[in-house]
Amino acid sequence: MKSVFDTLEERGYVEQLTHPEEIKELFKKESVPFYIGIDPTADSLHVGHFISLMVASHMQRAGHKPIILVGGGTAVIGDPSGKTDMRKMLTIEDIDHNVECIKKQAEKFLSFEGDNAAIIVNNADWLRNLNYLDFMRKVGVHFSINRMLAAECYKNRLEQGLTFFELGYMLMQSYDFLYLHDHYGCKLQMGGNDQWSNIIGGVELIRKIGSDDAYGFTFKLLTTKEGKKMGKTEKGALWLDANKTSPYEFYQYWRNVGDEDIEKVLKLLTFIPVDKIEELTKYKDERINEAKKVAAFEITKMIHGEEEAIKAEEAAKALFEGKGNLESMPTVEIDNKDMTIVEALVLSGIAPSKGQAKTLVSQGSVSVNDKKIDDISYKLSNDFTDGYAIIKKGKKVFYKFELKK
């Protein structure tokens, strides 16, 4: 009988396992409590969290119980994994606000009702009031500094200067697993492959203290064929919050992924059956675009709902296929039709500064209503023939500028 491990492996999630055979047997049981962690460093999740939540959703659908640990306590320190600089420290108020926002987004992936209902816990509840001496006697004695400094998550920080504050992150995350193991029966920690060292720390801590039913599982990070992390846009991260990344921009990101990456995206970020994905992605010519359209629609529907996905699809059709409508296209309302092209680029966020806007125009990368503009002093005065003008950067970035009525 096919287990959820087989599903995760077939779809390409599996990376590293602390105890491979035992974990495979564990997944065959009716309900295994497991946890994934999310540090609330922003008031929205981004694409970097997407894989974690998809894995949790697959697990829950197979009958296992998700524990979403929101790091209200560990975020005070900040995870040094993959970082060359110490993270900015957030206030307790900022962290608590971010936790509430993240809870709402997690509900798009998981059910919080039923026998294996997901639960959300905040490690601030047990970390913020820890007694330092008690903690070091119980937890600190089980960690070797030599081994910790050999871990990838700390190597990147050694040259710049690793603080004892950051060094404590592994101890805190390991203690999280111990706490969830003892209070919620949690047997498995799951996370991205960049969390391998931290996950091993928790598994070993539990086993050293006296329990042999703790396991770790890492999954692949969402990267391109070249190994670069997906989810980076010209404006920064690709957020799951519509106020930070509009549904149209979100849709367009997935519509424009590389041909060689679309099969991976469909397998990791949708629930479309694998055989159908392989059918969609078997082409190496322009027909691969149909797979990209399916991916863009399905992923946008999951995050923003079917109505917003349809709107985004219609806007894309209007721009690229001459059909559909422009209503859902990113729009900026202005009351000054004599605005310069440079001012318009900065106002929309197409360019982050006037200097970069001027560079884009000078390089011939900008057009208004499909007319290339290379004059940085160009004004939009005569471009609002239908009450709006469409400014385009390159082939894929569009904004509609409407005159206020």
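The values are calculated or read from the model by the stated rules, or taken from the named source; none is laboratory data. Bear in mind the structure is a predicted one, so any value in this text is a computation, not a measurement. Because the Cβ atoms are built from the backbone with ideal geometry, glycine has one as well, and the counts that use them run over all protein chains shown.
If I ask for residues that are under 17 Å from A389 (Cβ atoms), assigned to a helix (DSSP H, G or I) and either among the hydrophobic types (A, V, I, L, M, F, W, C) or in contact with a helix residue (DSSP H, G or I) (Cβ under 9 Å, 6 or more places away or on another chain) (or both), which ones from the range 336-373 would you list?
I341, V342, E343, A344, L345, V346, L347, A357, L360, V361
What number goes with the only condition from (1) farther than 27 Å from S246 by Cβ; (2) modelled with pLDDT under 90 that D39 does not pass?
The single condition D39 does not satisfy is (1).
Condition check ((1) within 21 Å of M54 (Cβ to Cβ); (2) of a type in the set (S, T, Y); (3) touching a Pro at 6+ places or on another chain (Cβ under 8 Å)) across all residues:
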| residue | (1), (2), (3) |
| --- | --- |
| K276 | yes, no, no |
| E286 | no, no, no |
| M302 | yes, no, no |
| A309 | yes, no, yes |
| K317 | no, no, no |
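Here's the yes/no breakdown for (1) basic (K, R); (2) modelled with pLDDT of 80 or more; (3) over 34 Å from the mean Cα position of the chain (by Cα):
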site: V346; (1), (2), (3): no, yes, no
site: A351; (1), (2), (3): no, yes, no
site: G355; (1), (2), (3): no, yes, no
site: K358; (1), (2), (3): yes, yes, no
site: D370; (1), (2), (3): no, no, no
site: L380; (1), (2), (3): no, yes, yes
site: G387; (1), (2), (3): no, no, yes
site: G394; (1), (2), (3): no, no, no
site: V397; (1), (2), (3): no, no, no
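List the pairs whose first member sits in the range 153-181 and is in the same structural domain as I206 (by TED's automatic domain parsing), whose second member is among the acidic types (D, E) and not in a helix (DSSP H, G or I), and whose Cβ atoms are under 7 Å apart, counting only residues at least 6 apart or on separate chains?
Q160/D85; Y169/D79
So which of N243, N198 ends up being surrounded by fewer than 21 Cβ atoms within 10 Å (Cβ to Cβ) and of a type outside the set (S, T, Y)?
Every option except N243 fails the conditions.
Among the numbered criteria (1) within 30 Å of K264 (Cα to Cα); (2) touching a residue at least 12 places away in the same chain (Cβ under 8 Å); (3) of a type in the set (G, A, S), which single criterion is violated by G227?
(2)
Please identify the pairs in which a residue from the range 263-277 that is in contact (Cβ under 8 Å) with a residue 40 or more places away in the chain and outside the structural domain of L8 (by TED's automatic domain parsing) has its Cβ atom under 6 Å from the Cβ atom of a residue that is acidic (D, E) and assigned to a helix (DSSP H, G or I), counting only partners at least 6 apart or on another chain.
V274/E10
Name the helices (runs of 4 or more DSSP H) wholly inside the range 100-210 in which the number of residues that are within 27 Å of the chain's Cα centre (by Cα) and more than 20 Å from L69 (Cβ to Cβ) is 3 or more.
152-158
Which residues, taken from the range 21-71, are part of a loop (DSSP other than H, G, I, E, B), over 24 Å from G231 (Cα atoms) and touching a residue at least 24 places away in the same chain (Cβ under 8 Å)?
F27, K28, E30, S31, V32, A62, G63, H64
I need every pair where a residue in the range 124-150 that is among the hydrophobic types (A, V, I, L, M, F, W, C) has its Cβ under 8 Å from the Cβ of a residue that is loosely packed, with under 15 Cβ neighbours inside 10 Å and in a loop (DSSP other than H, G, I, E, B), sequence separation at least 6 or different chains.
Listed pairs, sorted by first residue: none to list.
Residues of the range 167-195 being in contact with a Cys (Cβ under 9 Å, 6 or more places away or on another chain) and surrounded by 20 or more Cβ atoms within 10 Å (Cβ to Cβ), which ones?
Those that are in contact with a Cys (Cβ under 9 Å, 6 or more places away or on another chain) and surrounded by 20 or more Cβ atoms within 10 Å (Cβ to Cβ): Y169, M170, F177, L180, Q195.
Exactly one condition in (1) assigned to a strand (DSSP E or B); (2) not assigned by TED's automatic domain parsing to the domain that holds G140 is false for E249; which is it?
Answer for E249: the failing condition is (1).
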